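I have placed the structure first, in the form of structure tokens, so that the comments after it can refer back to it.
The values are calculated or read from the model by the stated rules, or taken from the named source; none is laboratory data. Quick caveat: nothing in here was measured; it's all calculated off a predicted structure. Glycine gets a Cβ as well: all are built from the backbone with ideal geometry, and neighbour counts include every protein chain shown. Accessible surface is based on the protein model in full, side chains and every heavy atom, while ligands, DNA and RNA are left aside. Shrake-Rupley method; radii C 1.70, N 1.55, O 1.52, S 1.80 Å.
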Amino acid sequence: MAGKRSVIPFGPQHPVLPEPIHIDLVVEDEKVIEAVPSIGFVHRGLESLVTKKDFNDMVYVAERICGICSYGHGYGYVDAIEHIMNIQLPDRCDHIRTILFELSRMHSHILWMGLMADAFGFESLFMETWKIREKVLDMLEAATGGRVIFSILKIGGLRHDVSDEMLKGFLPVLESIEESIRNCENTFLNDTAVMSRLKGIGYLSAEEAARLGCTGPFLRASGVAFDNRLRGYAAYGKIDFDVITSGEGDSYGRCKVRIGEIYQSVSIIRQCIETMPEGEVSVPVKGFPNGEYMTVIEQPRGEACYYVHASGKKFIERMRVRTPTFANVPGLVKTLAGCDLADVPILVVAVDPCISCTER
Amino acid sequence: MRVSKSPWLLHYDGSSCNGCDIEVLASTAPRFDVERFGIINTGNPKHADILLCTGGVNSQNKDVIRQIYDQMPDPKVVLACGICACDGGIFKDCYNILGGTDKVIPVDVYVPGCAVRPEALIDGVVKALEILDEKERAFKKEGKRSLTSSEYKALLEEKAGESETKEDTDASES
């Protein structure tokens, strides 16, 4: 006998997800039949600020699109302007930018591990992962001065250099992080209780994930080897790395891919420090940008596009950002339909949603 | 300072960029550990004593903030975390930002910063504990309770009305 349908609201204020998104869950007994997302709680209208702020000052606004992937947002905007203005960056700048990008990817993924642990009710694992994350934040703070928002990027390079001694000092810290992640990985991927909450939950096939336009670790967990870092922006072209995929396509696979990417980031940072060239970290910039450009980069959550249209004035005309979570929402809605009510937090967190990026 | 009980904390992300939110979470994690003060991050407004609001207020979330605030039992304290919650911050000029948290509910402690550092946040929470103690005494002795969001709205409107008439008289005098 089919049960009566009822609607359970999820969010905007919810214990699992600190961010405000509202989902109406249509449930029948314990099964979710349909999920209807509604958004707009974080919409600020940030893109319109380009008409009020100088194109140099916009770097700070771009970094504040989201506090977790802030470095990537700053990078995307700066990269687009630099392409419009035809600025050739020194090699050292590219290498340091890559290191910072990977550090911010590590902090984002470790943060996600904590939220995931919280979602399946493993409080002490949440504490453990966030303890590891503080080490990454210490490195970022030493290099840039900020814990969350770094403001080290500027058009034409970096605001200040990061010394070789400091970078060398990162190597033992990275090693200790790798070791602690290995301990946590054991719990995430081999613990029976955790596995029973993750395996087979929210399955998405490779064809379906690609058809729905999913991106980032969410897509790679379904077995599609797609990573924008292969395009070789910044110093990625000179560095040896593989795309990490997993054939599982469920929440367990999503965990596996993200944990794998933490090790990958450590290896990329090591290579960058080893091959760090000498030289300047910025070039002087004159004049105003004129033209348009679209930058595509790989954020911790997936592909992000930055479109900038400028017409040779102090203020640029239009900036447009397309963020990974926006691309992943159709996939999320698909995995939610037909799941158990108790699995909803896990499925939502498994996408690694960043509502602040999505709504801007 | 007298901390008479273990205050529970409720966090609501207004329209913040997440920067302050992860710092709020980080301050409950081992490095900063507000649980030293008996503080627990709860998800239920009806269990909470301290409301941490991050981010500015926009037209979509103003009623949500009011609702959460009204659901909290007396005595209660509101903390505005980060410069956006204080007055709108870098997003002040955006078309969808009405201003800081104090546009919709009364705020007791303002903690600036972009993003707010956990040390500053903990300092703010400790200040909030003092205010909470004071409010509790007033509540027990005189039955004095915090303003509801609709009372606060009326107060703001009254104030706006007063300053308007004042401006009018100023203009007519000159």
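Key figures
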read-out: Filter result for B:I65 (open to solvent by less than 10 Å² (accessible area, probe 1.4 Å) and either more than 12 Å from every other protein chain (Cβ to nearest Cβ) or farther than 29 Å from A:W112 by Cα (or both)); value: no
read-out: Residue in segment B:47-54 that is closer than 21 Å to B:V126 by Cα, open to solvent by less than 10 Å² (accessible area, probe 1.4 Å), assigned to a loop (DSSP other than H, G, I, E, B) and of a type in the set (A, V, I, L, M) present; value: yes
read-out: Residue match in segment A:161-176 (condition: aliphatic (A, V, I, L, M) and touching a strand residue (DSSP E or B) at 6+ places or on another chain (Cβ under 8 Å)); value: no
read-out: Residues within segment A:226-271 that are open to solvent by 20 Å² or more (accessible area, probe 1.4 Å), within 28 Å of A:D91 (Cβ to Cβ) and either of a type in the set (G, A, S) or part of a helix (DSSP H, G or I) (or both), tallied; value: 10
read-out: In segment A:55-70, residue modelled with the lowest pLDDT [restricted to those that are more than 9 Å from every other protein chain (Cβ to nearest Cβ) and open to solvent by less than 10 Å² (accessible area, probe 1.4 Å)]; value: A:F55
read-out: Total residues in segment A:20-54, condition under 21 Å from A:H309 (Cα atoms), more than 7 Å from chain B (Cβ to nearest Cβ) and under 20 Å from the mean Cα position of the chain (by Cα); value: 1
read-out: Some residue of segment A:39-54 being open to solvent by 10 Å² or more (accessible area, probe 1.4 Å) and closer than 21 Å to A:A337 by Cβ; value: yes
read-out: Residues located in segment A:231-265, provided they are among the aliphatic types (A, V, I, L, M) and under 30 Å from A:G200 (Cβ atoms); value: A:V243, A:I244, A:V257, A:I259, A:I262
read-out: Residues that are within 19 Å of B:Q67 (Cβ to Cβ) and either crowded, with 19+ Cβ neighbours inside 10 Å or facing chain A (nearest Cβ under 10 Å) (or both), drawn from segment B:82-102; value: B:A85, B:G100, B:T101, B:D102
read-out: Residue in segment A:3-19 that is of a type in the set (S, T, Y), over 22 Å from B:V57 (Cα atoms) and within 14 Å of chain B (Cβ to nearest Cβ) present; value: no
read-out: Among the candidates B:K127, B:K135, B:K144, residue that is in contact with a helix residue (DSSP H, G or I) (Cβ under 7 Å, 6 or more places away or on another chain) and open to solvent by 20 Å² or more (accessible area, probe 1.4 Å); value: B:K144
read-out: Long-range neighbours under 8 Å by Cβ, at least six apart or interchain, first residue acidic (D, E) within segment B:66-94, second assigned to a strand (DSSP E or B) and modelled with pLDDT under 85; value: B:D87/B:G99
read-out: Subset of segment A:88-139 (residues that are more than 16 Å from the chain's Cα centre (by Cα), of a type in the set (A, V, I, L, M, F, W, C) and open to solvent by less than 30 Å² (accessible area, probe 1.4 Å)); value: A:C93, A:I96, A:A117, A:A119, A:F120, A:L125, A:F126, A:W130, A:I132, A:M139
read-out: Residues that are open to solvent by less than 40 Å² (accessible area, probe 1.4 Å) and either closer than 25 Å to A:K168 by Cβ or at pLDDT 90 or above (or both), drawn from segment A:272-294; value: A:C272, A:I273, A:M276, A:P277, A:V281, A:S282
read-out: Entirely in segment A:157-222, the helices (runs of 4 or more DSSP H) that have 1 or more residues that are open to solvent by 70 Å² or more (accessible area, probe 1.4 Å); value: A:164-190, A:192-198, A:206-211
read-out: Helices (runs of 4 or more DSSP H) (entirely within segment B:80-174) containing at least 3 residues that are modelled with pLDDT of 80 or more and touching a strand residue (DSSP E or B) at 6+ places or on another chain (Cβ under 9 Å); value: B:83-87, B:118-142
read-out: Unique residue being facing chain A (nearest Cβ under 9 Å) and crowded, with 20+ Cβ neighbours inside 10 Å when the list is B:V24, B:V78; value: B:V24
read-out: B:T42 free of Cβ contacts under 8 Å to residues at least 40 places away in the same chain and in contact with a strand residue (DSSP E or B) (Cβ under 7 Å, 6 or more places away or on another chain); value: yes
